[in-house]
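No value in this document is a laboratory result; all are computed from the given coordinates. Everything numeric here is computed off the predicted structure, so don't read it as measured data. Methodologically, a virtual Cβ is constructed for each residue, glycine included, from the backbone with ideal geometry; neighbour enumeration extends over all protein chains shown.
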Amino acid sequence: MKILLTLLLLSLFACSSTEKKSKGYDGFGAESIDKKTLAEFAPKDKNPKLTMTIQKMLDIRSMAGGIISNDGKALYASWSVTGTNQTWKVPGPLQFPIQMTSGEDGTYIQGITPNGKYIFLSRDSGGDEMPGLYMQSTSGGKLIEIFRKKKTQTFLSYISDDSREIIFRANDKDPRTYNFYRYNIKTQKTTEIFNGKPGGYWVMFDYRKSDQTFLLSRWFGNTHSEAYFYNEKDKKLVPVLGTDEQQYYDIKFSRNKNELIVKTNKFSEFQSLYRYNLKTKKFLPLVKSGKGDVSRFNIDGPREKIVYSTNIGGYFKLSAISLRNYKNIPIKMMKSKKLLQSYVGSLSQNGRYMSIKAVMTDSPGTTYVYDWKKHVMKKWTRPSIPEVKVDNLPLPKLEYYEARDGTKIPMFVSRPSYCERHLCSVIVDFHGGPEAQSYPWFRALNKLFFDRNIILVEPNVRGSRGYGKSWMDADNGAKRLDVLSDIEDAALYIKKNWRKNGVTPKVVAMGGSYGGYSTFAAMTIFAGSFDIGIPIVGMSDLVSFLENTAPYRRKLRESEYGYLDKDMEALKKLSPINYLDKLQGPLLIIHGANDPRVPAGEAIQFMRKMQDKGLDGELLLFPDEGHGVRKRKNRAIYFSYILEFLDKHLVY
């Protein structure tokens, strides 16, 4: 009996060891990486002349979006002019901004009390995406900590109309679920109001103070949510919409107590707005479902109007609807041939003012403020474009390439004029998500590609948002095996159709997050189709990624990529690290050590295997960054690595 027990224990130990070995690493964040590894792959200062050129491009910036006060006299926004994102106050249209926060860690504006006395701020550490929540007087001064715990995310959910309290959520008790808390601004006391049971990724859609009713959402993925009422008095959680439907919902209370305003794609390919009657359980369309999504909507505090953006093929348009008669409200937008995109920033709590982020063809995003009472739109911030001419940058043009099954894949192509007549190398920049979307945008750093006569291609492969539900869901789980070839087909199309004088252009795969995964896949699963690759914060192994990503994200990501207990075979087939023997071209891998979404172990394990096989590659690991490179000094270094990598492997 003892022998059998010993054998059983040895067997279990062997299985456990094998499982641990299959991961290659454990956990996420800098604490999961030893100091020797951090030092080995730490970034080094590069060519000063090249870095200086990049620094000039980083000086092209602006303060965009932001939150406008109830009196319309102050705008609060995040700005990275100091090198990290900090919060600034603009005390009037085109007035000089006043810096409110400082330090090495990014600090972002979350809200302002209706009486204009306090702002609420979010700050994490080294890009670890575990932010605390803080309060600060609008006249400046020290930050007041509201809630901050290690390995805990804290987010502002609601500010009361009387400026006395806020509601926030945090996953402090269980990293896989979120609790809701009330904070009294005067007494600075916190009380729990919802304990997150049953577990899940809980978000507050809305709150009705008159009867203390919450409109909560439990998310099961980026495209699947369920809505519940939660009454603070009786502590009852009541299903409203989405239970067992696997549909997308975004919901707010309407002016009518028996009505909800719902954004969903349940009834068509695209997300649209509906009125939902709680008594009859019927939906009435507010916005006709057309060829694009209602991408975002806001309702003002007095429940007078809805403001929403429509996304048609990557181009956005602002619209508004009255909640009194459900008729369209005209918005007197600025008229300019240079206007590329416009987005809703935020509505003041009293509903009178709205911040708008406008992106022009020749400058970064700029903030405008719209006065709903006067129907006047004023420019509040000016972009900075020192010493550089950017009004002649190539504009993104919508084109298509054909996948192997005949499907037309949209892509935005920015083509320098030189490349109309001459052979040019091409960067295919894959977006993240994977449910994100590439769209026309002004990006100053792209000028450094265009100056090298490189064509920039930004495709929206199947799985991207903005082209309908079927398109977005085409890559869910094991279905990704059927459409992953959209990645290779982009390179095959370019090499076949953009040849000059019989010479084939070199094609670079590049992207961040899921775009980083796409780049790993491009260089391994589809080896030979792309010449070089630059994966940034990407997954190299979907199995180890799901095993090690932050607990709050795992369930959300499994619904997209596949489940460890059901889809293991597909996950292994889709993991680039299992095709590393096919790798042909060189790689420049970039990652942040503090990344909680895609652990840095994804980059390290791939690099180690490349080293073992003597393959051409380099890893750049930033110890003070998370899911992306955000600090100015680091951005200059990381982009200098990219440019030197391109200069080495491409011919201009």
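Ranking Gly515, Thr177, Leu273 by how far each Cα lies toward the positive end of the dipole of the chain (charges on Cβ) leaves Leu273 at the top.
Restricting the calculation to Cα atoms, the stretch 560-652 yields a radius of gyration followed by a Dmax of 15.4, 48 Å. Ordering of 247-260, 316-329, 450-463 by packing is 450-463, 247-260, 316-329, highest average first (other Cβ atoms within 10 Å, averaged per residue).
Near Glu165, the amide H atoms lying under 5 Å from its own belong to Ser160, Ile185; only residues 5 or more places off or on other chains count, and H is placed 1.01 Å from N.
If you take all other residues with their beta carbon under 15 Å from the beta carbon of Asp34, and give Lys and Arg +1 and Asp and Glu -1, the sum is 0.
Net charge dipole, the stretch 283-349: roughly 320 debye, given to the nearest 20, about the Cα centre with Cβ charges of +1 for Lys and Arg and -1 for Asp and Glu.
Put in line by how crowded their Cβ is, counting other Cβ atoms within 10 Å and starting with the fewest, Arg169, Arg182, Arg352 read Arg182, Arg352, Arg169. Inter-part distance, the stretch 259-306 to the stretch 159-220, computed on C-alpha centroids, equals 24 Å.
The string of couplings for the stretch 472-487 from the Karplus curve (6.51, -1.76, 1.60, θ = phi - 60°) is 5, 8, 5, 10, 5, x, 5, 4, 4, 4, 7, 10, 4, 5, 4, 5 Hz, one whole number per residue in order, with x for Gly and Pro.
Other residues within the sphere of radius under 13 Å centred on the Cβ of Ser137, judged by their own Cβ, net out at +3 (K and R +1, D and E -1). Pairs of lysines in the stretch 82-179 whose Cα atoms sit within less than 24 Å of one another amount to 8, provided the residues are eight or more positions apart or on different chains. Of the three principal axes defined by the Cα atoms of the stretch 217-269, the extents in descending order read 38, 25, 15 Å.
Note on Asp206, Asp541: ascending count of other Cβ atoms within 10 Å places them as Asp206, Asp541, the fewest first.
Rounded to the nearest 20 debye, the dipole magnitude of the chain is 2200 debye, with +1 charges on Lys and Arg beta carbons, -1 on Asp and Glu beta carbons, and the Cα centre as origin.
Charge dipole (Cα centre; +1 on Lys/Arg Cβ, -1 on Asp/Glu Cβ; no other charges) of the stretch 62-379 amounts to roughly 1040 debye. Each residue of the stretch 76-82 was assigned a 3J(HN,Hα) from its phi angle through the Karplus curve 6.51 cos²θ - 1.76 cosθ + 1.60 (θ = phi - 60°); the sequence is 10, 8, 8, 8, 9, 4, 7 Hz, with glycine and proline shown as x. The DSSP beta bridges internal to the chain are antiparallel in roughly 85% of cases. For Gly111, the residues whose amide H sits under 5 Å from its own are Phe120, ignoring neighbours fewer than 5 places away on the same chain, with H placed 1.01 Å from N.
Proximity of backbone amide H atoms, modeled 1.01 Å from N, is registered between Thr101 and Thr87 at under 5 Å, excluding neighbours fewer than 5 places apart on the same chain. In order along the stretch 422-439, the phi-based Karplus estimate (6.51 cos²θ - 1.76 cosθ + 1.60, θ = phi - 60°) of 3J(HN,Hα) comes to 10, 5, 9, 6, 10, 9, 9, 9, 8, 6, x, x, x, 7, 6, 8, 7, 8 Hz; Gly and Pro are listed as x.
Each of His591, Pro48, Pro285 was placed along the dipole of the chain (beta-carbon charges, centred on the mean Cα), and the one lying farthest toward the positive end is Pro285. Each peptide in 395-406, 119-130 was scored by the mean count of other Cβ atoms within 10 Å over its residues; highest first, the order is 119-130, 395-406. Packing here is the average count of other Cβ atoms within 10 Å per residue, and on that basis the peptides 552-561, 429-438, 496-505, highest first, run 429-438, 552-561, 496-505.
Kirkwood Rh over alpha-carbon pairs of the stretch 62-379, then Stokes-Einstein at 37 °C and 0.692 mPa s: what D in µm² s⁻¹, rounded to an integer? Calculated translational D: 159 µm²/s.
Put in order of Cβ neighbour count within 10 Å, fewest first, the listed residues Met204, Met333 become Met333, Met204. Around Asn350, what is the net charge, scoring Lys/Arg as +1 and Asp/Glu as -1 over all other residues with Cβ under 11 Å from its Cβ? The answer is -2.
The residue among Leu38, Ser62, Thr84 whose Cα reaches farthest toward the positive pole of the charge dipole of the stretch 36-125, with charges on the beta-carbon of Lys, Arg, Asp and Glu, is Ser62.
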